[in-house]
Amino acid sequence: MADHRTYDCPATLTDTQVLDFCKNGYLLLEGVVSEEVNRLSVEYCDKDDFYEPTGILAEDWFQEGVICNPVAAGAVRSLLGADFHLPVLMSNHRVEAPFDIGGWHVDGNFQFGPELNYLQVFYYPQDTPVEMGPTQVVPGSHLVKNMARFMGHLTGIRGAVPTTAPAGSIFITAYQIWHRRGAASGQGMRNLLKYFYWRTQPSSRDWVVEEDFDFATVNYGSPIASIVEQFRADIKVAEMFLWLCGRHRDFQNLGGQSWPLPAHRAGDPYGLPAGL
């Protein structure tokens with residue numbers, strides 16, 4: 001097996017932010033890459049317009065400015081734990097605008113479940129307003145198992161959002177989130193670099209812990225609630241969050257009005273795992 005490079009840095013996300021990722025399935029970090037690195041990235045992609053410009057990973061300025069960017073890497077460290085694997089492959093969804101809208105899909109080879117062992121990450125080296133066809137995502141859809149051949153016929157999905165962002169923005173996603181290319185009415189080249197990080201350590205609650213965070217009363221609701229069975233989103237979010245905390249063995253859903261359903265209770269909810 002190849003000796004892949006790993007990286008470690010301080011975790012920067014809080015309990016609430018990690019839970020929000022479990023709810024939404026993505027995190028958008030706007031303008032975190034410097035203008036100089038954005039310029040160098042665009043120049044590199046203009047010279048290497050192959051759909052897999054993996055050679056950019058060998059550039060020190062790209063490793064430091066994008067792959068190990070302090071804001072993005074701190075978020076990745078929070079979600080994947082210490083000593084996560086760095087990317088070994090780079091893709092570029094490079095398209096000349098204007099172009100038509102793409103079809104809804106989840107990328108192939110996904111493993112559906114509460115585990116978060118790898119992250120799909122996108123980087124916009126240039127300004128990407130809605131006129132330049134940014135990727136659209138359905139928040140919370142990583143919690144709903146589906147396959148691309150059952151989704152391509154769908155048109156508008158209520159709650160879908162375009163990832164419009166200024167140059168230097170990075171957005172981190174759960175791999176199985178529903179997404180598609182937005183339509184572009186503008187002019188010019190849109191680069192969208194895509195790469196992956198992998199977990200190497202067992203999951204644990206080693207991000208920024210909030211002293212007043214209460215597992216019993218926190219809201220586990222997700223934007224996907226409107227298209228799944230009632231409370232199913234809360235249950236899936238809670239399970240994913242406990243998995244990330246290293247407590248998946250303690251997760252339970254006893255049905256009825258038990259935890260993690262939202263309610264104004266007189267005491268701790270029935271079914272709250274011991275020790276939380």
**Request:** Please specify each residue of region 11-27 satisfying the condition of being over 13 Å from the mean Cα position of the chain (by Cα) and either buried (at least 21 other Cβ atoms within 10 Å of the Cβ) or part of a helix (DSSP H, G or I) (or both).
**Result:** 11, 15, 16
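Go through the residues of region 204-226 one by one and say whether even a single one is within 28 Å of residue 7 (Cα to Cα) and of a type in the set (Ser, Thr, Tyr). Walk me through how you get there before you give the answer.
Step one: list which residues in region 204-226 are within 28 Å of residue 7 (Cα to Cα), which gives 204-211.
Subset that is of a type in the set (Ser, Thr, Tyr): 204.
Looking through region 204-226, at least one residue is within 28 Å of residue 7 (Cα to Cα) and of a type in the set (Ser, Thr, Tyr).
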**Message:** Quick check on this structure: which one of 103, 113 is under 17 Å from the mean Cα position of the chain (by Cα) and at pLDDT below 95?
**Reply:** 113
**Item:** Close pairs (7 angstrom Cβ cut-off, 6 or more residues apart or separate chains): farther than 28 Å from residue 244 by Cα and without any contact (Cβ under 8 Å) to a residue 60 or more places away in the chain in region 153-178, surrounded by fewer than 18 Cβ atoms within 10 Å (Cβ to Cβ) and not aliphatic (A, V, I, L, M) anywhere
**Value:** 164/129
**Asked** Are any residues in region 237-268 within 14 Å of residue 219 (Cβ to Cβ) and surrounded by 18 or more Cβ atoms within 10 Å (Cβ to Cβ), and if so, which ones?
**Response** 237, 238, 241, 259, 260, 261
**Message:** Please verify whether residue 234 is out of contact with any helix residue (DSSP H, G or I) (no Cβ under 6 Å at 6 or more places or on another chain) and either surrounded by fewer than 19 Cβ atoms within 10 Å (Cβ to Cβ) or modelled with pLDDT under 90 (or both), treating the condition exactly as stated.
**Reply:** no
**Prompt:** Looking at region 108-115, is at least one residue surrounded by 21 or more Cβ atoms within 10 Å (Cβ to Cβ) and either assigned to a loop (DSSP other than H, G, I, E, B) or in contact (Cβ under 8 Å) with a residue 24 or more places away in the chain (or both)?
**Reply:** no
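So which residues in region 140-194 are among the charged types (D, E, K, R) and either exposed (fewer than 15 other Cβ atoms within 10 Å of the Cβ) or at positive phi (or both), if there are any at all? Walk me through how you get there before you give the answer.
So in region 140-194, the residues among the charged types (D, E, K, R) come out as 145, 149, 158, 180-181, 190, 194.
Scanning region 140-194 gives 145, 149, 158.
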**Complete:** Going through region 195-219 in order, the residues found to be touching a Leu at 6+ places or on another chain (Cβ under 8 Å) and either aliphatic (A, V, I, L, M) or on the phi > 0 side of the Ramachandran plot (or both) are 208, 216, 218
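Among the listed residues 139, 98, 162, which satisfies the condition of being touching a strand residue (DSSP E or B) at 6+ places or on another chain (Cβ under 8 Å) and closer than 25 Å to residue 230 by Cα?
Numbers: 98 fails: closer than 25 Å to residue 230 by Cα; 162 fails: closer than 25 Å to residue 230 by Cα.
Matching residue, one of 139, 98, 162: 139.
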**Item:** Search result, residues across region 37-53 that are touching a helix residue (DSSP H, G or I) at 6+ places or on another chain (Cβ under 8 Å) and surrounded by fewer than 17 Cβ atoms within 10 Å (Cβ to Cβ)
**Value:** 48
**Message:** Residues that are at pLDDT 95 or above, outside any helix (DSSP H, G or I) and touching a strand residue (DSSP E or B) at 6+ places or on another chain (Cβ under 9 Å): does region 64-80 have at least one?
**Reply:** yes
**Fill in**
Per the filter on region 195-228, residues in a strand (DSSP E or B) and either surrounded by 19 or more Cβ atoms within 10 Å (Cβ to Cβ) or among the hydroxyl-bearing types (Ser, Thr, Tyr) (or both) are 195, 197
**Message:** Condition first: assigned to a loop (DSSP other than H, G, I, E, B) and over 13 Å from residue 93 (Cα atoms). Now tell me which residues in region 28-52 satisfy that.
**Reply:** 30, 31, 32, 33, 34
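The values are calculated or read from the model by the stated rules, or taken from the named source; none is laboratory data. In this text, all values refer to a predicted model and were calculated from it rather than measured experimentally. FYI the Cβ positions are ideal-geometry reconstructions off the backbone, even for glycines, and counts take in every protein chain you see.
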